[in-house]
1. From the cross-link list 136/204; 66/230; 184/219, which pairs have alpha carbons spaced over 28 Å apart?
2. Quick one: if you stick a label point 7 Å off each Cα along the C-beta vector at residue 60 and residue 149, how many nm between them?
3. Between residue 151 and residues 5 or more places away or on another chain, which pairs have amide H atoms under 5 Å apart, with H built 1.01 Å from N, and which residues are they?
4. What nm distance separates the two modelled labels at residue 218 and residue 166, each placed 7 Å from Cα along Cα→Cβ?
5. So what are the range 158-227's ellipsoid semi-axes, whole angstrom, largest first, if each one is the square root of 5 times an eigenvalue of the alpha-carbon gyration tensor?
6. Go through the range 128-141 residue by residue and turn each phi into a ³J(HN,Hα) via Karplus (6.51, -1.76, 1.60, θ = phi - 60°); whole Hz please, and just put x for glycine and proline.
7. Send over the per residue convex hull volume for the range 189-236, Cα only, as a whole number of Å³.
8. List every residue whose amide H lies under 5 Å from the amide H of residue 30, counting only residues 5 or more places away in sequence or on a different chain, with H placed 1.01 Å from N in the peptide plane.
Amino acid sequence: MPSMDAQTEQSPDNVKKLKVTYQRIDLGEVTPNNIGQLKRLNSVIFPVAYSEQFYKNVLEVGEFAKLGRFDFVVLTSKERVSNERIREEKEWPGNISNTSVLGTRQNCKNGINNSLTLLTSAYFNDACVGAVCCRKEPIPNSPYRANLYIMTLGVLAPYRHLGIGTTLLNHILHHATLPSQTPKFVEIYLHVQTSNDEALAFYKRNDFEIVGTREGYYKRIEPPDAHILKRVLIKD
């Protein structure tokens, strides 16, 4: 759900200023119409290139591939604005002109109306800042069970530590463990480059464990080795 906090502070010239912070994380499905955004996002986040077959597979996994969008706005006004008006105007960010895709927070523009100024840039509408893509892997001789492999989960660097990666992962975990899910997922796992301390810490915080290491997993990046991280979803 969107969150909005507001406060008033006394300026040096005794003029009341309103500061409003608006933050929202939305997840959207991957479709043929926005698959190009996913390709651009992956090219920025990851040091490896993904094939066209990868993206064709992504379009077939439903809830197990998602784009993450993040809205963050700081507004200021020289006029007095009541809490009632703040609540009435909670849709302000939807009226701001779209900023550039894959831009930065410094790409600011004036917006809303004459009394409000956009101080921090944001992503709106279809601009995504993170994504997750998974693959279902059948278990031999077990038609009603499968494993779930996280092919990619990443967030643009300026938007990390804002809960976007956690939101993406929690979405996957939620749908993977639904009682109605068929097949039932026994475990979820992925590969992480051995030097990627930030990613390793993220997955360990989310109850993944290192269960092995594959030497030479990556072909054109250093170091080429990858840890295998796993989280058990069904315990026998």
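1. Working: 136/204 22 Å; 66/230 20 Å; 184/219 33 Å.
Pairs exceeding 28 Å: 184/219.
2. If labels sit at residue 60 and residue 149, their model points lie 1.4 nm apart.
3. Correct list: 133, 134, 135.
4. Reported label-point gap for residue 218 and residue 166 is 2.6 nm.
5. Values: eigenvalues 124, 60, 20 Å².
In descending order the semi-axes read 25, 17, 10 Å.
6. So the J values, rounded to whole Hz, are 10, 10, x, 7, 9, 9, 10, 9, 8, 10, x, 9, x, 6.
7. Values: hull volume 3.1 nm³, N = 48.
Hull volume over Cα atoms, normalised by residue count, gives 65 Å³.
8. 67
Each value in this text was obtained by applying a stated rule to the coordinates, not by laboratory testing. Please read all numbers here as calculations on a predicted model, not as lab measurements. We place every Cβ from the backbone using ideal geometry, glycine too, and count neighbours over all the protein chains shown.
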